[in-house]
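Colleague: The following block contains the structure, expressed as structure tokens.
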Amino acid sequence: MHRERLLYEGKAKKVFSTDDPDVLIVSYKDDATAFDGQKKGVISGKGAINNRMTNHFMRKLAAAGVPTHYLEELNERETAVRKVTIVPLEVIVRNISAGHFSSRYGVEEGLVFDEPIVEFSYKNDDLHDPLVNDDHAVALKLATREEISTIRSYALQINELLKALLLEAGVTLVDFKLEFGKTSDGALVLADEISPDTCRFWDSKTGEKLDKDRFRRDLGKVEDAYQEMQRRVMGGKDV
Ligand code: 5GP
């Protein structure tokens, strides 16, 4: 399989077409942004860690019956994925209050919810990804009601599977963001990434932050946190 044209360059990834019209190549960058792109930086080694960790989680989720876009890890930073049309919703699952939940509703970080919260944001940089409910998403034709219901059940299933995997690694899954896509035959599959860029991971014993909040909030030891997450999740394996 060959990389052909650069189709899209985002904040943390590049996407290339290939000689197969149903296959794309995702290439993970070390670049990091926060606060709507206002804060920019580089997290050395992040691209390789996020590539491997995402693929590790996607393989586990696929084995448990969650359809994903993952096809094959090509090298340290690059992965072949199925071509999908991304559903323009950021799907956020929260187990514990943090981040925008805390700032939006005026509650401290660390409140453990009785049940996970699933929320949706409209993926639109110009509008700064506004929060939407199911009715908004249907009215804006971002997804059908049936698709939203499928996405919600996948999101909750993914939360349970990831929570269990991370618990074994001594990590509490606080919250995370997912994106879904539609294949050419209309099936909904998990797309994008699952990494310290898109999840909040707290050490189960100490509460230490092991994710991108270290970069967002200038907490230091950013690279160390990504490496520590790789070590815990992948057990020091190269793949
Ligand atoms: P919050 O809404 O509190 O900012 O984010 C909730 C969770 O979703 C966090 O784990 C955060 O990393 C992830 N998340 C939300 N929006 C984005 C986004 O635009 N980019 C990335 N990389 N992660 C996001």
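The values are calculated or read from the model by the stated rules, or taken from the named source; none is laboratory data. None of the values given here were measured: they were computed from a predicted structure. Because the Cβ atoms are built from the backbone with ideal geometry, glycine has one as well, and the counts that use them run over all protein chains shown. Calculation scope for accessible area: heavy atoms of the full protein, side chains included, ligands and nucleic acids excluded. Shrake-Rupley method; radii C 1.70, N 1.55, O 1.52, S 1.80 Å.
Colleague: If each of Asp185 and Thr85 carries a label point 7 Å out from its Cα toward its Cβ, how far apart are those two points in nm?
Modeller: Label at Asp185, label at Thr85, 1.7 nm between them.
Colleague: Before rounding to the nearest 500, sum -39500 (n - 2.57) across all DSSP H runs of length at least 4 in the chain and divide by the residue total; then give [θ] at 222 nm in deg cm²/dmol. List each step's numbers first, then the result.
Modeller: Values: 6 runs with 72 residues, N = 239.
Value at 222 nm, helices only: -9500 deg cm²/dmol.
Colleague: Along each of its three principal axes, how wide is the spread of alpha-carbon positions in the stretch 84-199, in whole angstrom units, largest first?
Modeller: Largest first, the stretch 84-199 extends 39, 31, 24 Å along its Cα principal axes.
Colleague: Give the total of Lys-Lys pairs in the stretch 111-223 with Cα-Cα distances below 20 Å; include a pair only if its members are 8 or more places apart or on different chains.
Modeller: Taking the Cα cut-off of 20 Å, the pair count is 14.
Colleague: Here's a follow-up. Probe of 1.4 angstrom, ligands and nucleic acids ignored: what's the accessible area per residue over the chain, in square angstrom? Write down the numbers at each step before the final one.
Modeller: Working: 11750 Å² over 239 residues.
Normalised by residue count, the accessible surface of the chain is 49 Å².
Colleague: Dipole of the stretch 47-136 (Lys/Arg Cβ +1, Asp/Glu Cβ -1, origin at the Cα centre): which of Thr85, Phe113, Phe57 lies farthest to the positive side?
Modeller: The residue sitting most towards the positive pole is Phe57.
Colleague: What distance in nm separates the simple spin-label points at Asp224 and Glu168, each placed 7 Å from Cα in the Cβ direction?
Modeller: 2.8 nm
Colleague: With a cut-off of 8 Å between alpha carbons and a minimum separation of six or more residues, what is the relative contact order of the chain in percent?
Modeller: Working: 440 pairs, mean separation 41.6, N = 239.
That works out to 17 percent.
Colleague: Tell me whether the stretch 45-132 comes out rounded, prolate or oblate; compute the Cα gyration tensor, take square roots of the eigenvalues as a ≥ b ≥ c, and use a/c under 1.5 as the rounded threshold. The partial results should precede the final answer.
Modeller: Values: a/c = 1.99, a/b = 1.67, b/c = 1.19.
Prolate, because a/c is 1.5 or more and a/b exceeds b/c.
Colleague: A follow-up question, please. Report the dimensions of the chain along its three principal axes from the alpha-carbon atoms, largest first, rounded to Å.
Modeller: 48, 43, 37
Colleague: Using Stokes-Einstein with the Kirkwood hydrodynamic radius over Cα pairs, what translational diffusion coefficient do you get for the stretch 167-210 at 10 °C and a viscosity of 1.306 mPa s, in µm²/s rounded to a whole number?
Modeller: Working: Rh = 12.0 Å.
For the chosen part, D equals 132 µm²/s.
Colleague: Ranked highest first by the average count of other Cβ atoms within 10 Å around their residues, in what order do 183-190, 153-160 fall?
Modeller: Values: 183-190: 14.2, 153-160: 16.6.
Those peptides, ordered most packed to least, come out 153-160, 183-190.
Colleague: Report, to one decimal in Å, the Kirkwood hydrodynamic radius for the stretch 1-71 based on all distinct Cα pairs. Write down the numbers at each step before the final one.
Modeller: On the way: mean 1/r = 0.0732 Å⁻¹.
Hydrodynamic radius (Kirkwood, Cα only) of the stretch 1-71 equals 13.7 Å.
Colleague: Given R₀ = 41 Å, what would the calculated FRET efficiency be for Glu72 paired with Phe113, taking r from the Cβ atoms and rounding to 0.05? Present the calculation step by step, with values, prior to reporting the outcome.
Modeller: Working: r = 37 Å, r/R0 = 0.89.
So, using R0 = 41 Å, E works out to roughly 0.65.
Colleague: If you roll a 1.4 Å probe over the chain with all protein chains in place, what percent of the accessible area is carbon or sulfur? Before the final figure, lay out the partial values.
Modeller: On the way: 5800 of 11750 Å².
Heavy-atom surface of the chain belonging to carbon and sulfur, 1.4 Å probe: 49 percent.
Colleague: Within the P(r) computed for the stretch 180-239, what percentage of the Cα pairs occupies the region above 16 Å?
Modeller: On the way: 949 of 1770 pairs.
In whole percent, the long-distance tail amounts to 54.
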